[in-house]
Amino acid sequence: MSLSNEPIFLHISSIKNIFKNTFVCLIVFSLSGCGTINTVIKGDSAVQYNLNQVKSPCETIPRIYSGISYDICALRGKPPRTALWLGSAPELVLIDLMLSGVLDTVFLPYTIYGQMSEGSIHIKY
């Protein structure tokens with residue numbers, strides 16, 4: 001009685017696909033709430049709305065390393081009601097700080113230009 005390696009190979013490849021798809025989903029989910037994506041890609045109005053929703057005491061955010069500043073301002077605000085369902089917001093923001101630091105460095109030339117031409121992002125209406 002010989003055992004075939006084919007079922008094991010198919011099983012391993014399906015596990016790899018599951019991990020790959022899970023990893024891609026986690027990245028997409030992380031980027032949707034990423035401070036850098038909110039400040040650089042979505043624009044000033046999204047930043048104002050989001051930080052006013054959590055009642056952040058921040059009045060302005062510099063465009064240079066704005067993702068990290070956004071995350072710190074979000075930490076200083078009150079947690080939203082959805083935090084009860086989605087988990088603890090501080091832990092998610094602390095994880096996002098690492099991703100925002102990397103992305104802020106990538107966008108640094110663009111944000112330096114934006115800071116010089118437009119100034120800081122004003123949070124309070």
Please arrange Y65, Y113 by how many other C-beta atoms lie within 10 Å of their C-beta, fewest to most.
Y113, Y65
The answer for T60, listing residues at least 5 apart or on another chain whose modeled amide H is closer than 5 Å to its amide H, is I123
Under a straight-distance cross-link criterion of Cα-Cα below 16 Å, which lysines are reachable from K55, leaving out those fewer than 8 residues away in the same chain?
K78, K124
Counting other beta carbons within 10 Å of each residue's own, what order do S56, S100, S45 fall into, fewest first?
S45, S56, S100
HN-Hα couplings for segment 71-77 via Karplus (6.51, -1.76, 1.60; θ = phi - 60°), in whole Hz with x for Gly/Pro, come out as 5, 5, 5, 5, 5, 7, x
Work out how much length F19 to R76 would gain on full extension: take 0.36 nm times their residue separation and subtract the Cα-Cα distance, in nm to one decimal.
17.1 nm
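Since every read-out is calculated from the coordinates, none of them should be taken as a lab result. Model, not experiment: these values are computed from the prediction. Cβ: placed from backbone, ideal geometry, glycine included. Neighbour counts: every protein chain shown.
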